Amino acid sequence: MYVKQPKLLEVKGLKKHFNVSEGFFKREKKYLYAVDGIDFFVKEGETLGIVGESGSGKSTTGNLIVQLIDPTEGQIIFDGVDLTTLSKKELRRKRADLQLIFQDPYSSLNPRMKVFDLIAEPLRTHQKLSSEQLHNQIVELMELVGLNPIYMNRYPHQFSGGQRQRIGIARAIALHPKLIVCDEPVSALDVSIQSQILNLLVKLQKELNLTYIFIAHGLPVVKHISDRIAVMYLGKIVELATKEQLFKNPKHPYTEGLMAAIPIPDPMLRDSKNEQLIEGDIPNPVNPPRGCPFHTRCKYAVDICKDELPVFQEKEKEHFVACHLVNKQ
Ligand code: ADP
Ligand code: MG
């Protein structure tokens, strides 16, 4: 079968349960269910957005994919290989193809290193370059991300937040990765700078043929950049669809709530029905609710939602949802 956009990444049954047992003897094992059984794929060249409230497991998902942390269970099939089965040495080679752009450009860069060394670090680790080659690469990378190479001997604190994020982006693209996980890359930046960084990421994606997983806590940011969007809640994906389908026809009550949380500038355009935001707080992931993880806050919840976990199923082409009420339709 001819597949126009092959899958670059496929995640199956992925779980990360952090051991949060208390007490010296840790007799009572306690786990925090940060990521609790998620399935999705990312096609080559696309951007998959992941949205959800703080604490829903987005960063943990990103960290699992780039191999910063090990999964409790599940498969991460990247470029045809299950990363969870690789030896440390094999993984090290693969790691160059998988990069992460951090949320906070202030704490993610070593303050004692000059820009040159910050960007050179991944190149020195993975490639053997002469000092002239290295210098040329740094100049090229700085220009590519919109930094003037004359500043290569400056330290991170001598740059603005937006410029620091450009340094983080230069580090991430230095090894020509295939996939970059962008973990809320503009959340810590001034609103005026956010679109510049988003535009840079879009430009680099085209020029370097990159695939992105783009994490954000709200829909407005991912709407701009994503081809498809996954909505996470309490360690699970509750809905996943193309951007167009998700905005036109959100099926999960949580997605509906996130949509309502998007401020509409003109009050006359507000639909009063949509005014109802999601009430209450996200439950503690150490004691997640039985049944559907969202039932404690869902205005449509019925008995079955309290007892049974809804299946994550494809309701329409490429439109997946996990909700008893939608599944019954
Ligand atoms: P998000 O990025 O969506 O805000 P995270 O993936 O950072 O969510 O966190 C999901 C849950 O996992 C949160 O409850 C968080 O406190 C917890 N968590 C994250 N990292 C760790 C860790 N290393 N040890 C214990 N709990 C963690
Ligand atoms: Mg996060």
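Can you compute log10 of I(q)/I(0) for the chain with the Debye formula, treating each Cα as one identical point scatterer, at q = 0.07, 0.10, 0.14 Å⁻¹? Treating every Cα as an identical point scatterer, log10 I(q)/I(0) equals -0.32, -0.64, -1.17. Size of the dipole of the chain about the Cα centre, Lys and Arg at +1 and Asp and Glu at -1 on the beta carbon, nothing else charged, in debye to 20? Charge dipole of the chain: 660 debye, to the nearest 20. Since only SER226, LEU200, LEU210 are under comparison, the one whose Cα sits farthest along the positive direction of the charge dipole of segment 163-261, derived from C-beta charges on Lys, Arg, Asp and Glu, is LEU210. Exposed loop trypsin sites (Lys or Arg not before Pro) only (DSSP loop, at most 16 other Cβ atoms within 10 Å): please give the longest stretch of the chain free of them, not including the sites. So the longest stretch without any such site is 155-269. The modelled label-to-label distance for the pair ASN284/GLU140, using points 7 Å beyond Cα in the direction of Cβ, is 5.3 nm. Residues considered: VAL66, VAL11, VAL20. Largest GNM mean-square fluctuation over the chain, using C-alpha springs under 10 Å, is found at VAL20. Give the calculated FRET efficiency between ARG92 and TYR300 to the nearest 0.05, with a Förster radius of 35 Å applied to their Cβ-Cβ distance. E between ARG92 and TYR300, to the nearest 0.05, is 0.15. Fully extending the segment from GLU318 to ILE69 would add 86.7 nm, taking 0.36 nm per residue of separation and subtracting the current Cα-Cα distance. A helix-only calculation puts the chain at -9000 deg cm²/dmol for mean residue ellipticity at 222 nm, using -39500 (n - 2.57) for each DSSP H run of at least four residues, averaged over all residues. Applying a threshold of 19 Å to the alpha-carbon distances of LYS12/LYS43; LYS94/LYS128; LYS7/LYS236; LYS178/LYS317; LYS58/LYS206 flags LYS7/LYS236; LYS178/LYS317; LYS58/LYS206 as lying beyond it. The modelled label-to-label distance for the pair ASP190/ASP82, using points 7 Å beyond Cα in the direction of Cβ, is 5.0 nm. Ranking GLY52, MET259, ALA188 by Cα position along the charge dipole of segment 7-328, where only Lys, Arg, Asp and Glu carry charges on their C-beta atoms, puts ALA188 farthest toward the positive end. Under conditions of 20 °C and 1.002 mPa s, segment 109-153 yields 200 µm² s⁻¹ as its translational diffusion coefficient, taking Rh as the Kirkwood radius over Cα pairs in the Stokes-Einstein equation. Taking only alpha carbon atoms, segment 7-77 gives an Rg to Rh ratio of 1.06, where Rh is the Kirkwood radius. For segment 136-275, the Kirkwood hydrodynamic radius from C-alpha pairs, put into Stokes-Einstein at 20 °C and a viscosity of 1.002 mPa s, yields a diffusion coefficient of 126 µm² per second. Among the protein heavy atoms of segment 7-328, carbon and sulfur supply 49% of the accessible surface, probe 1.4 Å, non-protein parts ignored. Averaged per residue, segment 1-118 has 55 square angstrom of accessible surface, using a 1.4 angstrom probe with ligands and nucleic acids left out.
The values are calculated or read from the model by the stated rules, or taken from the named source; none is laboratory data. Only a predicted model underlies this, so the values are computations on that prediction, with no experimental measurement involved. A quick note on method: Cβ atoms are made from the backbone with ideal geometry, for glycine too, and the neighbour counts reach across all protein chains shown. What goes into the accessible areas is simple: the full protein's heavy atoms, side chains included, and nothing from ligands, DNA or RNA. Shrake-Rupley method; radii C 1.70, N 1.55, O 1.52, S 1.80 Å.
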